[in-house]
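First the structure, which I've put down as structure tokens, then a few questions once you've had a look.
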Amino acid sequence: MSRPARAKAAELPAWLRAALGVSELPDDASPWERYKRDFPPADRLREAWRDCGPGVLARWVQLRPGTRPSAWWRFDAPRAPRPAGFGAWAEQVFPLPRRRLGGRGELQPWARIECGLPRDWPAAGFDPLDPPTFEAEAAYLARLGLLMAGERERLADPDLAPVPLPRCWWPATT
């Protein structure tokens with residue numbers, strides 16, 4: 001991260017630095033700080049990402065090649081076409097999800113997308129023995145030409161392997 005971006009990031013409250021992926025919250029953080037980290041006010045997060053995002057992203061990629069912080073997904077990821085029946089605001093809300101490669105389960109058209117994966121799955125049709133699988137985050141970035149210079153060379157084959165839907169996002173009844 002450049003010196004000016006590092007200085008800007010250092011001036012942010014701890015919960016906002018954590019929401020951007022710059023640092024972790026300290027162990028003694030208050031419940032309110034943890035809440036604000038997990039549910040940051042959109043305007044504050046957008047402004048902080050605008051000011052610090054390029055530096056945060058460069059540092060993030062140094063430490064975690066083939067991935068992006070959640071603020072990147074929220075503000076800079078390519079956007080999906082607007083779902084039928086949704087207003088123009090939806091183009092700003094729905095990042096283009098990662099490709100689904102297999103598994104069983106019917107996706108809701110209004111599903112929240114986090115790190116390129118849809119979160120909202122109804123129990124009907126979901127098979128815990130064959131959960132939905134998706135392209136890896138690194139594969140998504142490579143497919144769309146979004147890897148930074150030198151990032152591809154730092155990836156290993158497992159970084160590009162398909163990934164199952166995280167178990168914590170399975171429907172509650174499975």
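Which of V163, V56 has the fewest other C-beta atoms within 10 Å, and how do the rest follow up to the most?
Ranking V163, V56 by Cβ neighbours within 10 Å, fewest first, gives V163, V56.
When Lys and Arg each count +1 and Asp and Glu each count -1, what net charge do the other residues less than 15 Å away from G116, Cβ to Cβ, add up to?
On the way: positive: R64, R68, R74, R79, R98, R99, R100, R112, R119, R143; negative: D76, E114, D120, E135, E137, D159.
Cβ neighbours under 15 Å give a net charge of +4.
Still on this structure: Pick from P31, P13, P122 the residue whose mean-square fluctuation is largest in a GNM of the chain, springs joining Cα atoms under 10 Å.
Between P31, P13, P122, it is P31 that shows the largest mean-square fluctuation.
A10 to R34: extension gain in nm, 0.36 nm per residue of separation minus the Cα-Cα distance? List each step's numbers first, then the result.
On the way: separation 24, 0.36 × 24 = 8.64 nm, distance 1.80 nm.
Full-extension gain reported as 6.8 nm.
In a Gaussian network model over the chain where Cα atoms closer than 10 Å are linked, find which of A124, A58, A136 has the largest mean-square fluctuation.
A124
Arranged by the count of other C-beta atoms within 10 angstrom, fewest first, what order do W32, W169, W121 take? Provide the component values of the computation, followed by the final result.
Values: W32 9, W169 17, W121 21.
By the 10 Å Cβ count, ascending: W32, W169, W121.
Near D130, within a Cβ-to-Cβ distance under 14 Å, what is the net charge of the other residues, with Lys and Arg +1 and Asp and Glu -1?
On the way: positive: R100, R104, R167; negative: E106, D127.
Taking every other residue near D130 into account, the sum is +1.
Right, something else. With a point put 7 Å past each Cα toward its Cβ, work out how far L144 is from A156 in nm, to one decimal.
Spacing of the two 7 Å Cα→Cβ label points: 2.6 nm.
Now, a different point. Once semi-axes √(5λ) of the Cα gyration tensor in Å is worked out from the coordinates, which option in (1) 26, 24, 14; (2) 30, 19, 13; (3) 28, 20, 17 does it equal?
(3)
So what is the 222 nm mean residue ellipticity for the chain from helices alone, if each DSSP H run of at least 4 adds -39500 (n - 2.57) and you divide by all residues, rounding to the nearest 500 deg cm²/dmol? Mind showing how you got there, number by number?
Values: 7 runs with 63 residues, N = 174.
The per-residue figure over the chain is -10000 deg cm²/dmol.
Please compute the net charge surrounding R104, taking Lys and Arg as +1 and Asp and Glu as -1 over other residues with Cβ under 12 Å from its Cβ. Write out the running numbers ahead of the final one.
Values: positive: R100; negative: E106, D127, D130.
For residues surrounding R104, the net value is -2.
Also, I was wondering about something else. Given H placed on each backbone N at 1.01 Å, which residues far from E114 in sequence or on other chains put an amide H within less than 5 Å of it?
Close amide H contacts, sequence-distant or interchain: R119.
Would you work out the charge dipole size for the chain about its Cα centre, treating the Cβ of every Lys and Arg as +1 and the Cβ of every Asp and Glu as -1, and quote it to the nearest 20 debye?
Values: 26 positive and 22 negative charges, 84 e Å.
With Lys and Arg at +1 and Asp and Glu at -1, about 400 debye.
Follow-up question, since we're still on this one. Going by how many other Cβ atoms sit within 10 Å of their own, how do C52, C115, C168 line up, fewest first?
On the way: C52 27, C115 19, C168 6.
Lowest to highest Cβ neighbour count: C168, C115, C52.
Follow-up. Which of G105, G125, G85 moves the most in a Gaussian network model of the chain with Cα springs under 10 Å?
It is G85.
With a ≥ b ≥ c the root eigenvalues of the C-alpha gyration tensor of region 1-63, is it rounded (a/c under 1.5), prolate (a/b larger than b/c) or oblate? Kindly include the intermediate steps, with their values, before the conclusion.
On the way: a/c = 1.98, a/b = 1.53, b/c = 1.30.
Here region 1-63 falls in the prolate category.
All of the numbers you see were taken from the coordinates with simple rules; none came from a lab. None of the values given here were measured: they were computed from a predicted structure. Glycine gets a Cβ as well: all are built from the backbone with ideal geometry, and neighbour counts include every protein chain shown.
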